[in-house]
Amino acid sequence: MSVAQTLPLIVITPMFGAALLVGAGRRLPRFAAETLGCLFAAGAAVLALLALAATGSSAGQPAEWVGGWRPHNGVSVGIVLVGDRTGLGLATLVSLLVLAALAYAWRYFAEPPRRHAGSFPALVLLFQAGMCGFTLTGDLFNAFVFFELMGVVAYALTGYRVEEARAVQGALVFGVVNSLGGYTTLLGIGLLYAHTGELGFAQIGNALAGSPGTPDALLIAGFTLVVTGLLVKAAAVPFHFWLADAHAVAPTPVCMLMSGVMVELGLYGAARVYWTVFAGPGGMPAADAHRALLALGVLTAVLGTLMCWQQRHLKRLLAYSTVAHAGLFLMGLAVLSPAGVGGVAVYVLGHAGVKAALFACVGILLDRFASVDEHQLHGRGRELPWVGALFGAGGLALAGLPPFGTALGKAVTEEAVGGWATALFVLVSAVTGGAVLRAGARVFLGLGTRPADAGRHPADETAGEEEPETRGGPLSRIPDTMLTVPAVLLAAALAVGLVPGLRTGIGQAADAFTDHAGYLAAVLHGRAAEPVPTPPPHWTASGVLWGLVATALAAGLALWTVRRPVRDDVARWTVPLRRMHSGHVGDYIAWFLAGVTLLGALIA
Amino acid sequence: MTMRLRMWVLALGGLGVAVLYVLACLDLPSFGGHRHPYGDRAVRAALARHTANTISSVNFDQRALDTLGEESILFGSVLGTVVLLRQTRDEDRQQPEPARVAPSVRRYALFALPVTLLIGLYIVAHGQLSPGGGFQGGVVVATSLHLLYIAVDYRALERIRPLGLYEVADAAGEAAYVLVGAAALPAGWAFLGNFLPYGTFNTLASGGTVPLLNAAIGVEVAAGVVVLLARFLDQAVEIVSTDEEAEGRA
């Protein structure tokens, strides 16, 4: 069986697993259902890894025409799956992270619905299938279908704890904003189809090359609308509002998947669409795309950082740190060069491990103490030294401590963006990492004075008293799986920075990813062309230095803050920002429309 | 946010999107043109595979992977609904009361039920020949069963609606699509390849795998919609929160 033939199997393995779990759900005991879920997730991971290993050189872009509708003279009616290294690498990351989330939820997770033991793993498997399909497809409409699949399942998973009104509210906001993004994308696909009569990435790109020149309004609108939906998933400002509301209420394993990889897939989609469809002649001028993505990236990074620092609800804190990092990723992609893509790829891999591990630690706190509030938990984490160590290591890694993968990714990306960006990257890393370290110092070390309102029930939106997710109330003992998963994830994030082979592979993947003509030739004519090689991501002295500076700043910021008395009132300048994040879905939609306008204006 | 600011953001944003979209639409190819690159190719491909209904050929042959994704979206939505509308700890289930139905309504619904069921099955079975197919027919079949709720009452509907069976059918429809697609692999075809004989044009047994995939969708949609509606109806008719119950007794 060739590499190309395994591509559909990566998508259908978890799909079939989900069908099996639902079909047999009434008879399966819980243990069997969870084992089956892990097996199917692992099966897809193995297939993706094997395919990745078999894709030898960077020029290898195995393309599988589903149903055998191979193109004749570059023309086909079918859908193609493309197993280039970036797509396959992301499918591998998705599958491994799903496996980690399922292992984390292993046996501890609150009772599934009566007689539906398999429903949680089945939903997670469908989530996996949607994400893997999205990474592998080479067709714009097919990408939309898988985008919707991962959306629909994610809404249900977010609202999983329906007993709480907030879970329903968070899932509803998530569903409404992301569905609106999906429709926008569909509208854009419609425009592009009307213009070119094609739906495949490569085919549209090929058709656009027939009419070179400055893009007309249709093309600008098509690009804006398609990218909007993807940027909603990527939580770019001002489409980011759903993210914190959803993360605050979603079960911990789901947060691990959403922050670890789903948000990043939105960015991947935007970059993939740009490079395959719009980067050639007749597409979008690089300067316009660069300006739009860079502006949104900076806005996202700054706003995410400001909001992150102010949170005391730990899940919200981590959620806004994801927003901030998504902004940095967007800035890296906006460079529109192999160096930028390679740096972001390393950064995303490292971030996935670190962020998922941090969420896993917060989940343990939630299930032990029935709270995720930094002030209420003050000093109570001292009985969990291992969790504290992992949480602290995660905070340092988030701040960019070498040799974590996050540090390498940050260094390469900031160098690719260049100039003033280094300062912004250092500041964003320092403040988001510092916020995590500050929370860790208070919760696990009990540093600083115990906040006066620690005992009472604060009514404002930042407080974090929650129901534990475990069956039978708070845990008395932490299960080994819940502790092993974050440790393994952090080790993986460390390995991303240390394994040289991975860096070379990512460098080659980025070269192929940014090779518009090579992609079209490989998909439409089956011709493999070696892209122009560029140096792969690597450590530099300045990168290490800036990483250390960011880490030192983060630690200093955290220590300085915990030594000061906790203030009850919030700082005046933050009030307008907080008011923007109202939880009111109507507000989010108003900002959404303003965002589409802003994006269109930046591109035009 | 204040109402005023909200309205300003909404108005400016909405105006911008409207301008963008109208400008784009002005650049669209004019109505009634003769250039249909995909349409022409799709019709040719459908005829080559002896599928009279080109739309079914696009759905179940040329772009069958899209349909697998769409089927999975429905499957995931139904599963999500089962999870979200479950009976929670603070809810109880009550037997619904028998209801009185006006005789004319009852006569109409009992007459319409078998007719609707037959039409639904017909639409599924002829998907490869005439407009329709598994998605459309499946919904009609599911609707027909619910006419019993209108004709008699909820308890009557529950008797012909063993939910466990429908959940299995829902999953079986999803699995069947994957399996038919994978069955092409040993025959040397790509996944979802149309590996069966194409049959005689414009007869029930034409189109190769199209009728099979179509039937899988029909089963999944019919069963899925029944399960979906059951969850909503249960919430409306049977499930009450214990607070409400206590209030009702007091």
task = Read through the list (1) buried (at least 17 other Cβ atoms within 10 Å of the Cβ); (2) more than 30 Å from B:D90 (Cα to Cα); (3) modelled with pLDDT under 90, then give the number of the only condition that B:R161 fails.
result = (2)
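Mind listing whichever residues of the range B:185-234 are aromatic (F, W, Y), within 11 Å of another protein chain (Cβ to nearest Cβ) and surrounded by fewer than 20 Cβ atoms within 10 Å (Cβ to Cβ)? Explain how you work it out, then say what you get.
Of the residues in the range B:185-234, the ones aromatic (F, W, Y) are B:189, B:191, B:195, B:198, B:201, B:232.
Filter once more, so that each one left must be within 11 Å of another protein chain (Cβ to nearest Cβ): B:189, B:191, B:195.
Within the range B:185-234, B:W189, B:F195 meet the criteria.
More than 10 Å from every other protein chain (Cβ to nearest Cβ), buried (at least 24 other Cβ atoms within 10 Å of the Cβ) and in contact with a helix residue (DSSP H, G or I) (Cβ under 9 Å, 6 or more places away or on another chain) - does that describe any residue in the range A:179-191? Walk me through it before giving the result.
Within the range A:179-191, the subset more than 10 Å from every other protein chain (Cβ to nearest Cβ) is A:179-183, A:185-186, A:189.
Right, trim to buried (at least 24 other Cβ atoms within 10 Å of the Cβ) and you get A:181, A:185.
Next cut, in contact with a helix residue (DSSP H, G or I) (Cβ under 9 Å, 6 or more places away or on another chain) only: A:181, A:185.
Among the residues of the range A:179-191, at least one is more than 10 Å from every other protein chain (Cβ to nearest Cβ), buried (at least 24 other Cβ atoms within 10 Å of the Cβ) and in contact with a helix residue (DSSP H, G or I) (Cβ under 9 Å, 6 or more places away or on another chain), which makes the answer yes.
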query = So which helices (runs of 4 or more DSSP H) are wholly in the range B:131-250 and hold at least 2 residues that are β-branched (V, I, T) and more than 30 Å from B:A48 (Cβ to Cβ)?
reply = B:134-151, B:210-237
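Just one of A:F201, A:F239 is at pLDDT 95 or above and either within 12 Å of chain B (Cβ to nearest Cβ) or under 17 Å from A:A601 (Cα atoms) (or both); which is it?
A:F239
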key: Of the criteria (1) crowded, with 21+ Cβ neighbours inside 10 Å; (2) within 21 Å of B:G164 (Cβ to Cβ); (3) within 12 Å of chain B (Cβ to nearest Cβ), which one A:A33 fails   = (3)
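Residues are listed down the side, and each one gets a yes or a no for (1) part of a loop (DSSP other than H, G, I, E, B); (2) closer than 27 Å to A:V499 by Cβ:
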| site | (1), (2) |
| --- | --- |
| A:L366 | no, no |
| A:H378 | yes, no |
| A:R382 | no, no |
| A:W386 | no, yes |
| A:G394 | no, yes |
| A:T406 | no, yes |
| A:G409 | no, yes |
| A:E414 | no, yes |
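Among the residues in the range A:157-175, are any more than 9 Å from chain B (Cβ to nearest Cβ), in contact with a helix residue (DSSP H, G or I) (Cβ under 9 Å, 6 or more places away or on another chain), surrounded by fewer than 18 Cβ atoms within 10 Å (Cβ to Cβ) and among the hydroxyl-bearing types (S, T, Y)? Full working, then the answer.
Pass one, the range A:157-175, residues more than 9 Å from chain B (Cβ to nearest Cβ): A:158, A:161, A:164-167, A:169-170, A:172-175.
Still in the running and in contact with a helix residue (DSSP H, G or I) (Cβ under 9 Å, 6 or more places away or on another chain): A:158, A:161, A:164, A:166-167, A:169-170, A:172-175.
When the remaining residues are screened for being surrounded by fewer than 18 Cβ atoms within 10 Å (Cβ to Cβ), the result is A:164, A:166, A:169, A:172.
Filter once more, so that each one left must be among the hydroxyl-bearing types (S, T, Y): none.
So far as the range A:157-175 goes, no, none of its residues is more than 9 Å from chain B (Cβ to nearest Cβ), in contact with a helix residue (DSSP H, G or I) (Cβ under 9 Å, 6 or more places away or on another chain), surrounded by fewer than 18 Cβ atoms within 10 Å (Cβ to Cβ) and among the hydroxyl-bearing types (S, T, Y).
Can we say A:L225 is within 13 Å of chain B (Cβ to nearest Cβ), within 20 Å of A:R272 (Cα to Cα) and surrounded by fewer than 24 Cβ atoms within 10 Å (Cβ to Cβ)?
Judged against the criteria, A:L225 is not a match.
Please go through the range A:549-604 and give me each residue that is part of a loop (DSSP other than H, G, I, E, B) and either more than 10 Å from chain B (Cβ to nearest Cβ) or in contact with an Asp or Glu (Cβ under 6 Å, 6 or more places away or on another chain) (or both), ordered by number. I'd like the intermediate steps shown before the answer.
Within the range A:549-604, the subset part of a loop (DSSP other than H, G, I, E, B) is A:564-571, A:581-584, A:604.
A:R564, A:P565, A:V566, A:R567, A:D568, A:D569, A:V570, A:A571, A:G583, listed by residue number.
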query = Just checking, how many residues over the range A:42-100 are without any contact (Cβ under 8 Å) to a residue 40 or more places away in the chain, assigned to a loop (DSSP other than H, G, I, E, B) and in contact with a strand residue (DSSP E or B) (Cβ under 8 Å, 6 or more places away or on another chain)?
reply = 1
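Among helices (runs of 4 or more DSSP H) lying entirely in the range B:1-66, which contain 1 or more residues that are hydrophobic (A, V, I, L, M, F, W, C) and at the interface with chain A (Cβ under 8 Å from one of its Cβ atoms)? Explain how you work it out, then say what you get.
Values: elements: B:3-26, B:37-48, B:54-57.
Answer list for the range B:1-66: B:3-26, B:37-48.
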For A:W309: the one exception among (1) closer than 20 Å to A:D511 by Cβ; (2) of a type outside the set (V, I, T); (3) within 21 Å of the chain's Cα centre (by Cα) = (1)
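Anything in the range A:533-586 that is of a type in the set (V, I, T) and in contact with a helix residue (DSSP H, G or I) (Cβ under 8 Å, 6 or more places away or on another chain)? List them, or say none. Lay out the reasoning, then the answer.
Just the residues of the range A:533-586 that are of a type in the set (V, I, T), to begin with: A:534, A:540, A:544, A:549, A:551, A:561-562, A:566, A:570, A:574-575, A:585.
Passing the criteria: A:T534, A:T540, A:V544, A:V549, A:T551, A:T561, A:V562, A:V566, A:V570, A:T574, A:V585.
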task = Mind counting the residues in the range A:230-257 that are within 24 Å of A:A590 (Cβ to Cβ) and of a type outside the set (D, E, K, R)?
result = 18
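Yes/no per residue for (1) β-branched (V, I, T); (2) in the same structural domain as A:F31 (by TED's automatic domain parsing); (3) within 30 Å of A:K315 (Cα to Cα):
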| position | (1), (2), (3) |
| --- | --- |
| A:L157 | no, no, yes |
| A:R161 | no, no, yes |
| A:E164 | no, no, yes |
| A:S179 | no, no, yes |
| A:Y183 | no, no, yes |
| A:L187 | no, no, no |
| A:P212 | no, no, no |
| A:T228 | yes, no, yes |
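In the same structural domain as A:L557 (by TED's automatic domain parsing), part of a helix (DSSP H, G or I) and either more than 18 Å from A:G350 (Cβ to Cβ) or over 27 Å from the mean Cα position of the chain (by Cα) (or both), is that true of A:V426?
Working: in the same structural domain as A:L557 (by TED's automatic domain parsing): yes; part of a helix (DSSP H, G or I): yes; either more than 18 Å from A:G350 (Cβ to Cβ) or over 27 Å from the mean Cα position of the chain (by Cα) (or both): no.
Considered against the rule, which asks whether it is in the same structural domain as A:L557 (by TED's automatic domain parsing), part of a helix (DSSP H, G or I) and either more than 18 Å from A:G350 (Cβ to Cβ) or over 27 Å from the mean Cα position of the chain (by Cα) (or both), A:V426 comes out as no.
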Helices (runs of 4 or more DSSP H) contained in the range A:123-218 and holding at least 2 residues within 20 Å of the chain's Cα centre (by Cα) = A:140-158, A:165-196
ask   = Is it true that some residue in the range B:129-139 is touching a residue at least 24 places away in the same chain (Cβ under 8 Å), over 30 Å from A:Y160 (Cβ atoms) and more than 16 Å from the chain's Cα centre (by Cα)?
value = yes
key: Long-range neighbours under 7 Å by Cβ, at least six apart or interchain, first residue surrounded by fewer than 24 Cβ atoms within 10 Å (Cβ to Cβ) within the range A:234-259, second acidic (D, E)   = A:P251/A:E469
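Going residue by residue through the range A:253-273, is there one that turns out to be acidic (D, E) and more than 26 Å from the chain's Cα centre (by Cα)?
Filtering the range A:253-273 down to residues acidic (D, E) leaves A:264.
Now drop any that are not more than 26 Å from the chain's Cα centre (by Cα), which leaves none.
No - not one qualifying residue is present in the range A:253-273.
What residue, among those in the range B:25-45 that are under 18 Å from A:L199 (Cα atoms) and surrounded by 15 or more Cβ atoms within 10 Å (Cβ to Cβ), is farthest from the chain's Cα centre (by Cα)? Reasoning before the result, please.
Pass one, the range B:25-45, residues under 18 Å from A:L199 (Cα atoms): B:28-29, B:35-45.
Still in the list and also surrounded by 15 or more Cβ atoms within 10 Å (Cβ to Cβ): B:38, B:41-43, B:45.
Working: B:Y38: 26, B:R41: 27, B:A42: 24, B:V43: 25, B:A45: 26 Å.
Among them, the one singled out is B:R41.
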query = Which one is nearest to B:T242 (Cα to Cα) among residues in the range B:79-123 that are at the interface with chain A (Cβ under 9 Å from one of its Cβ atoms) and assigned to a helix (DSSP H, G or I)?
reply = B:L84
message = Among (1) more than 28 Å from B:L28 (Cβ to Cβ); (2) part of a helix (DSSP H, G or I), there is one condition A:P238 misses while meeting the rest; what is its number?
response = (2)
key: Search result, residues across the range B:1-23 that are over 35 Å from the mean Cα position of the chain (by Cα) and hydroxyl-bearing (S, T, Y)   = B:T2
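The values are calculated or read from the model by the stated rules, or taken from the named source; none is laboratory data. Since the model is a prediction, treat every value here as computed from it, not as a measurement. Counting neighbours? That spans all protein chains shown, and the Cβs are built from the backbone with ideal geometry, glycine included.
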